[in-house]
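The values are calculated or read from the model by the stated rules, or taken from the named source; none is laboratory data. From a predicted model like this one, the values you see are computed outputs, not experimental measurements. As a convention, Cβ positions derive from the backbone with ideal geometry for all residues, glycine included, and neighbour counts pool all protein chains shown.
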Amino acid sequence: MKLFLKILLASLIAMCWNWIAPNSSDVTITLFIFVLAVLMMNPVKFQSPEKREEYIQKIREKKEQKLAIARKQQEEKARLRNEKFEREEREKKELQAKVKSNRGF
């Protein structure tokens with residue numbers, strides 16, 4: 001409904017201009033498009049400082065959560081790497097012990 005009223009108002013203004021200056025159809029079309037564009041623009045809305053601070057705080061919390069998750073993932077990777085290294089070292093020692101015990105026979 002609002003869209004129809006905006007188009008109607010823009011066309012009325014353009015028709016009035018065409019009635020005032022009948023030989024300027026280019027200006028009439030340009031005026032119609034300009035008035036319609038102005039009417040379609042959304043005005044800048046006031047944002048309260050409290051809402052802005054809440055929004056900024058939410059962004060900070062999300063960023064902190066992402067960083068915490070990344071840190072945990074890095075710690076988990078490091079722990080798995082260390083476990084793998086320790087397991088390989090244990091297997092090497094067991095293999096060396098088996099080789100030494102087999103040489104003894």
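Residue 69: without any contact (Cβ under 8 Å) to a residue 12 or more places away in the chain, in a helix (DSSP H, G or I) and hydrophobic (A, V, I, L, M, F, W, C), yes or no?
yes
Being surrounded by fewer than 10 Cβ atoms within 10 Å (Cβ to Cβ) and part of a helix (DSSP H, G or I) is the filter here, so list the residues in region 22-47 that pass it.
The answer is 26, and nothing else.
Looking at 50, 83, which one is modelled with pLDDT of 90 or more, loosely packed, with under 10 Cβ neighbours inside 10 Å and not small (Gly, Ala, Ser)?
Details: 83 fails: loosely packed, with under 10 Cβ neighbours inside 10 Å.
Within the list 50, 83, the selection yields 50.
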